[in-house]
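The values are calculated or read from the model by the stated rules, or taken from the named source; none is laboratory data. All values derive from a computational prediction rather than experimental measurement. Cβ coordinates were reconstructed from backbone atoms using ideal geometry, including for glycine residues, and neighbour counts include every protein chain displayed. These accessible areas exclude ligands, DNA and RNA; they are computed on the full protein's heavy atoms, side chains included. Shrake-Rupley method; radii C 1.70, N 1.55, O 1.52, S 1.80 Å.
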Amino acid sequence: MDIAEILEKNRLEREDIVRLLATQGAEMEQLFRKALDVKLSRLDNKVHLRGLIELSNVCRKSCLYCGVRRDNDKVERYMLTEDEVVECARLAHQLNYGSVAIQSGERNDPEFVAMITCLIHRIKEIDNGSLGITLSLGEQSEETYRQWFEAGAHRYLLRIESSDEELYYRIHPRNERHDFHRRLDCIDALLALGYQTGTGVMVGLPFQTLDILAGDLLFFREKDVAMVGMGPYISHPDTPLYQYADQIPAADDRMNLTLKMIAILRLMMPEINMVAATANQTIDPLGREKAIRAGANVIMPNLTPNEYREDYLIYPDKACVGDKPEECFSCLDIRMRAIGHEILYKEWGDSVAFTKKM
């Protein structure tokens, strides 16, 4: 089928998605233009910010792709204090960010759960609760998710990493700590509790096919999630998956494939939030701008104290590790204006799709 006919469809099916993922050159640019047009018409040219706080690199899991996996003894482990986290949130408020996102290696012990609850309450005390709170803290019990939701967190990001069970177990150990169906159950629990639920995948993994990626996009639509984060896979030399580094696409190809995933999902789910991941800028100096122009509408500038950032490297050579928050603030504003977009300050930036559904 001609690319123009597919782009005018009201509902894309698997074969359409595979065809769009395979586009190159002029056809790929046509896809990007269509996605941008859809975003601008259904949303606007505004970019939402989530001030990222990397709470800790202590993790109970051993995901085969991750630089902070439990079994990597080359990592110096750290944990921010509660006061350090609150200071990061105060800085977000001073910079007029509407939201913060707390990310961490996965823990589910009672002390950790209680600390997060306390942090949510303390952040909500800043300027009468003006800051929105997104959590990305891995798999937890339904009761823990409920406790954090009732404390004031309203968004939760839990990446599926791959919706294909076979591929999932090629990038995660198959044991009691890494259960594909447990992860699905957690996503369902978050949705049922009323979180603006986000998920996502890495693009360009070893063993990943266009059909698998098409299945990922269909999974997002089936779950009717509120937000999605997708970025190119970057191999880390201190991980088991690094042995397959020669089997992943070249950086430019991974970048384009990520952009195509973003663009196609914008056509499929025109009013959700999508993140322009830092990984995009890590492999392409203009990667985040390209993601925004392909359909993304969220950026997560890092607020973590600089002395800890080198130890939160899920992948190596992460962009902006040395930048101070105030530098990111002015830099992002200039970069977004250069591509005809505008950062929306002092707003939570909730998903339009979620707001309409509720």
### Query
Here are several values of Cα Rg over 2.2 N^0.38 Å: (i) 1.02; (ii) 1.47; (iii) 0.93. Which one was derived from the coordinates shown?
(iii)
## Note on the structure
The long-range amide H neighbours of ALA101, using H built 1.01 Å from N in the peptide plane and a cut-off of under 5 Å, are GLY51, LEU52, ILE53, THR134
### Query
Taking square-rooted eigenvalues a ≥ b ≥ c of the alpha carbon gyration tensor, is the stretch 125-166 rounded, prolate or oblate, where a/c under 1.5 means rounded and, failing that, a/b exceeding b/c means prolate?
oblate
### Summary
For LEU157, other-chain or 5+-apart residues with amide H closer than 5 Å (H placed, Pro excluded) are LEU135, SER136, LEU137, GLY198
### Query
What is the gain in length, in nm to one decimal, between ASN96 and LYS9 on full extension, counting 0.36 nm per residue of separation less the C-alpha to C-alpha distance?
27.4 nm
#### Entry: Farthest positive-ward along the chain dipole, Cα basis, beta-carbon charges - from LEU313, LEU52, LEU95
LEU95
### Task
Enumerate the amide H contacts of VAL47 below 5 Å, restricted to partners 5 or more residues apart or on another chain; note that Pro and chain-start residues carry no placed amide H.
GLU342, ILE343, LEU344
### Query
Residue farthest toward the positive end of the dipole of the chain, with Cβ of Lys/Arg at +1 and Asp/Glu at -1: which of HIS236, ILE339, GLY200?
ILE339
### Query
Between Rg and the Kirkwood Rh of the stretch 193-337, both from Cα atoms, what is the Rg to Rh ratio?
0.96
### Task
Find how much the distance from ALA245 to LEU218 grows on full extension, using 0.36 nm per residue of separation minus their present alpha carbon separation; answer in nm with one decimal.
7.0 nm
#### Entry: Relative packing of 107-120, 261-274, which averages over residues the other C-beta atoms within 10 Å, highest first
261-274, 107-120
## Note on the structure
Put ILE160, ILE334 in order of accessible area, largest first, probe 1.4 Å, and you get ILE334, ILE160
### Query
For the stretch 87-139, what is the accessible area per residue in Å², given a 1.4 Å probe and the full set of protein chains?
36
### Task
Would you mind listing how long the stretch 10-118 runs along its three principal axes, going by Cα atoms, in whole Å with the largest first?
50, 38, 24
### Task
With label points built 7 Å along Cα→Cβ from the Cα atoms of SER330 and ALA114, find their separation and express it in nm.
4.4
## Note on the structure
Residue-ordered couplings for the stretch 345-356, obtained by feeding phi - 60° into the Karplus form 6.51 cos²θ - 1.76 cosθ + 1.60 and rounding to whole Hz (Gly and Pro as x), are 8, 6, 10, 5, x, 5, 5, 4, 4, 5, 4, 5
## Note on the structure
Heavy-atom accessible area of MET202, protein chains in place, probe 1.4 angstrom, given in Å² to nearest 10, is 30
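Calculate, in nm to one decimal, what ASN45 and GLU142 gain on full extension: separation in residues at 0.36 nm each, minus their alpha carbon distance.
Stretched fully, the ASN45-GLU142 segment lengthens by 31.3 nm.
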## Note on the structure
To the nearest 20 debye, the stretch 133-280 has a Cα-centred charge dipole, built from +1 on Lys and Arg Cβ and -1 on Asp and Glu Cβ, of 320
### Relative intensity, log₁₀ I(q)/I(0), of the stretch 86-175 from a Debye sum that treats every alpha carbon as a point, q = 0.15, 0.23, 0.24, 0.25 Å⁻¹
-0.63, -1.13, -1.19, -1.26
#### Entry: Charge dipole (debye, nearest 20) of the chain; +1 at Cβ of Lys and Arg, -1 at Cβ of Asp and Glu
600
### Task
Grab the beta carbon distance between LEU193 and GLU166, set R0 = 41 Å, and tell me the FRET efficiency rounded to 0.05.
0.90
### Message
Could you derive backbone 3J(HN,Hα) for the stretch 116-123 from the dihedral phi with the Karplus parameters 6.51, -1.76 and 1.60 (θ = phi - 60°), listing whole Hz in sequence and x where the residue is Gly or Pro?
### Response
4, 4, 4, 4, 4, 4, 5, 5
### Task
Kindly state, to the nearest 0.05, the FRET efficiency for MET358 paired with ASN128, given R0 = 25 Å and r defined as their beta-carbon distance.
0.65
### Summary
Here, GLU82 and ARG309, labelled 7 Å along Cα→Cβ, have an inter-label distance in nm of 2.7
### Summary
Counting only Cβ distances under 4.7 Å between cysteines, those in the chain with no partner are CYS59, CYS88, CYS118, CYS186, CYS320, CYS328, CYS331
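Determine the share of the stretch 69-207's accessible area contributed by carbon and sulfur atoms, expressed in whole percent, with a 1.4 angstrom probe. Kindly include the intermediate steps, with their values, before the conclusion.
Working: 2350 of 5500 Å².
Roughly 43 percent of what the probe reaches on the stretch 69-207 is carbon or sulfur.
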### Summary
Simple SL model, points at 7 angstrom along Cα→Cβ for ALA26 and ARG182; separation in nm is 5.2
